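Q: One structure follows; several queries about it will come next.
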Amino acid sequence: MSLLAPIERIGRDPRTGGYRRFAWNDADMELREWFAGEAAARGMAYEEDGNGNQVAWWEPGYREPGGLDTPSPSGSGYSTSGASGTSGSGYSTSGASGDALLLGSHLDSVPDGGAYDGPLGVVSAFAALDRLRADGFSPSRPIAVACFADEEGARFGVACAGSRLAAGTLDPDHALALKDRDGLTLAEVLRSQGRDLRTVGRSAWLDRVGAFVELHVEQGRALVHSGDAVGVATAIWPHGRWRLDFEGRADHAGTTPMADRRDPMPAYAATVVAATRRAYEEGARATFGRVAVEPGGANAIPSKVTAWLDARAGDDAVLARMLDGILVDAREAASASRVRVEVAVESSSPAVAFDRDLRERLAHALEAPLLPTGAGHDAGVLSAFVPTAMLFVRNPTGVSHSPEEHADDADCAAGVEALVRTVRELA
């Protein structure tokens with residue numbers, strides 16, 4: 001908890017108590033400095049790739065006085081610069097490629113998010129290395145702590161953008177053209193922060209990784225019901241985000257008869273109701289959490305309603321069936337209101353099953369239960385490239401993406417202990 005305390009105030013809204021840590025905003029930049037400082041305080045080699053992902057390395061071998069084991073400065077080859085960042089493409093992977101154990105998570109948040117989603121995984125990774133160092137542990141393989149950029153996608157609309165870019169599954173040109181609510185592109189924002197757009201894309205440091213274990217606060221109450229402080233994830237539900245643009249005709253709210261209107265709002269409202277019904281029927285999830293209305297006057301019929309659908313289900317077939325039904329409903333509602341609807345896929349992730357051998361090995365070593373999750377994570381993105389696993393820490397409220405998100409101190413300590421045992425088991 002002493003590691004969480006220094007960042008507790010960063011990006012926190014005093015009115016709501018929630019966090020507004022969006023990619024590359026002032027809070028995010030301050031958190032980047034904090035991460036780089038924590039790496040430096042431990043003598044860990046630090047790098048930031050062109051996508052904004054930060055990685056701190058603990059290498060077996062050379063011991064820097066007062067710090068963790070790190071490679072000799074004369075032979076490392078990779079960046080140890082501060083928060084100004086480098087592309088990270090120049091370090092040597094000879095003799096260590098595909099061997100490193102990666103820990104960590106993210107520090108950004110959804111609008112008015114909680115204090116634990118993401119930061120708990122980063123802080124716990126550093127705390128676990130501190131415990132191991134105090135015990136005189138010497139790793140048999142490199143260990144890295146990562147902070148992935150823009151995991152939540154709160155600013156530019158694509159979740160896990162940092163890990164997707166690092167893995168090469170998100171096209172750099174597409175990513176750079178993404179716009180925030182103010183109309184700024186990611187390219188413009190990166191330039192304003194002094195980043196080199198030529199380094200956006202596949203990250204060389206990922207080639208060094210042999211396994212990734214991400215610790216995260218549970219987003220649900222399965223561990224409350226089982227009575228366990230820590231669990232091991234089995235899979236991530238398939239999920240995605242779709243943007244629906246309902247386009248009609250602006251007009252006067254007082255003088256335009258109902259029969260003469262081309263109002264997109266009823267079509268949008270009918271789609272929300274239909275999506276909720278279908279999600280209940282399928283045992284799935286459908287959420288409209290963001291909507292924009294143009295021109296936005298209280299006495300004006302809208303010309304356009306743009307809404308974002310977050311859809312998730314237990315398997316790909318159920319998700320596809322529910323989504324197809326929702327889109328049919330949206331088009332029928334649009335036709336009834338004499339408006340147009342256009343649909344665009346902003347992100348889509350198939351079902352992810354975490355590496356069976358790794359998850360079962362950790363569940364046995366930690367004596368922890370197995371449980372699925374409906375939330376997306378960077379571990380899900382990297383699972384296509386390296387064996388990945390996730391550890392969940394009990395959340396007594398079960399609430400996430402909200403200031404009510406919580407984890408008790410004792411359970412956080414159990415999470416750190418689980419990471420310590422994970423490193424001993426794997427390294």
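Q: What net charge is computed for the residues neighbouring Val217, neighbours being all others with C-beta under 10 Å from the C-beta of Val217, Lys and Arg scored +1, Asp and Glu -1?
A: Combined, the nearby Lys, Arg, Asp and Glu give -3.
Q: Return the single residue from Ile326, Ile143, Ile236 with maximal mean-square fluctuation; model: Gaussian network over the chain, springs between Cα atoms under 10 Å.
A: Greatest mean-square fluctuation among the candidates belongs to Ile326.
Q: Counting only GluC sites (Glu not before Pro) that sit in a DSSP loop (anything but H, G, I, E, B) with at most 12 other Cβ atoms within 10 Å, what is the longest stretch of the chain containing none of them?
A: Longest gap between qualifying sites, sites excluded: 9-366.
Q: At 222 nm, what helix-only mean residue ellipticity would the chain give, in deg cm²/dmol to the nearest 500, using -39500 (n - 2.57) for each DSSP H run of four or more?
A: -9500 deg cm²/dmol
Q: Further question on the same structure: What is the set of long-range amide H partners of Ala144 at a cut-off below 5 Å, with H atoms built 1.01 Å from backbone N?
A: Trp58, Leu101, Leu102, Leu103
Q: Would you please name the trypsin sites (Lys or Arg not before Pro) within region 190-238 that are DSSP coil residues with at most 15 other C-beta atoms within 10 Å of their C-beta?
A: Hits after loop and neighbour filter: Arg221.
Q: Pairs of Cα atoms under 8 Å, at least six residues apart: use those to get the relative contact order of the chain, whole percent.
A: 20 percent.
Q: Could you tell me which of rounded, prolate or oblate describes region 319-400, using a ≥ b ≥ c as the square roots of the eigenvalues of the alpha-carbon gyration tensor, with rounded for a/c under 1.5 and, failing that, prolate when a/b is larger than b/c and oblate otherwise?
A: It comes out prolate by the Cα gyration axes.
Q: Considering only the other residues whose Cβ falls under 15 Å of the Cβ of Ala36, what net charge follows from Lys and Arg at +1 and Asp and Glu at -1?
A: Taking every Cβ under 15 Å from that of Ala36, the sum is -4.
Q: If one computes the Cα centroid of region 193-250 and of region 148-185, what distance in Å separates the two points?
A: Answer, in whole Å: 12.
Q: Lys and Arg at +1, Asp and Glu at -1: add these up for the other residues within a Cβ distance under 11 Å of Val399 and post the number.
A: -3
Q: List the residue ranges in the chain for DSSP H helices whose C-alpha atoms run 18 angstrom or more along the long axis and whose Kyte-Doolittle average is -0.5 or above.
A: In the chain, the long hydrophobic H runs are 26-41, 119-134, 264-282, 316-336, 409-426.
Q: Using Cβ contacts closer than 10 Å as the measure, can you line up Ser402, Ser383, Ser109, Ser335 from fewest to most?
A: So the residues, fewest neighbours to most, are Ser335, Ser402, Ser383, Ser109.
Since every read-out is calculated from the coordinates, none of them should be taken as a lab result. A quick note: this is a predicted structure, and the numbers were derived from the prediction, not measured. Every residue, glycine among them, receives a Cβ derived from its backbone with ideal geometry; neighbour counts consider all protein chains shown.
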